Amino acid sequence: MLSSRINTIRSQIFPTLKSNCNSRTIMTTTRIGTDDPRMSKIVVHNGVVYISGQTDATATNIQGQTQNVLTKVDDLLSQAGTSKSNILTSSIWLKDINRDFQGMNDVWNKWVDPGNKPVRATVEANMARPQLLIEVQVTAATE
């Protein structure tokens with residue numbers, strides 16, 4: 001009787017689950033850009049794309065670095081078979097949030113898909129190298 005009650009509750013809470021818990025879902029993980037000994041550039045796991053944090057040291061201002069970083073994000077998402085329209089989350093780290101937040105947002109707002117804006121967090125942080133002003137990491141669904 002208890003088993004029957006548990007199955008009834010389970011079906012009410014998780015209507016798409018079958019009562020046969022012996023079935024298994026096969027999970028897949030693909031790693032792309034593994035030349036770096038510390039990390040992969042892209043990990044795709046069960047239809048979700050995770051990219052490593054992207055930086056740029058070629059531009060000297062926040063607008064240039066942001067544009068270059070977002071170009072890298074576009075390229076990595078493309079390699080994983082998706083696009084910025086499928087971004088779920090974005091984390092942004094700025095070296096100086098008071099100075100650079102507006103300049104970063106100016107570039108971001110032109111780049112982001114207005115019909116598919118992700119959730120986003122932006123914080124100030126120390127960067128790994130002094131010339132870096134921004135780092136961006138995103139997670140996206142596959143198309």
Checklist line | Accessible area (Å², 1.4 Å probe, nearest 10) - LYS117 | finding: 140 Å²
Notebook entry, point to check: Sorted by accessible area (1.4 Å probe), largest first, how do LYS41, LYS84 line up?
Noted result: LYS41, LYS84
Next item on the list: With 10 Å bins from zero, work out the P(r) of the stretch 49-131 over every alpha carbon pair and list the percent per bin.
Entry: 17, 55, 27, 2
Check: Given a Förster radius of 35 Å and the C-beta distance between ILE26 and ARG120 as r, what FRET efficiency does 1/(1 + (r/R0)^6) yield to the nearest 0.05?
Finding: 0.65
Notebook entry, point to check: When all protein chains stay in place, what accessible area (Å², nearest 10, 1.4 Å probe) is found for THR34?
Noted result: 80 Å²
Note to self: Please list, ordered by chain and number, the residues whose modelled amide H lies under 5 Å from the amide H of ARG120; skip anything fewer than 5 residues away on the same chain.
What the structure shows: SER90
Margin query: If you build the convex hull over the alpha carbons only and average its shadow over all orientations, what do you get for the stretch 101-143? Give it in nm² to one decimal.
Written below: 4.1 nm²
Note to self: If I model a spin label at THR34 and ARG99 as a point 7 Å from the Cα along the Cα→Cβ vector, what separation in nanometres do I get?
What the structure shows: 4.0 nm
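The values are calculated or read from the model by the stated rules, or taken from the named source; none is laboratory data. Note that the coordinates shown come from a computational prediction; the quantities given were computed from them, not determined experimentally. Don't worry about glycine lacking a Cβ; one is built from the backbone with ideal geometry, like all the others, and counts go over all protein chains shown. These area figures cover heavy atoms from the full protein model, side chains too; ligands, DNA and RNA do not enter into them. Shrake-Rupley method; radii C 1.70, N 1.55, O 1.52, S 1.80 Å.
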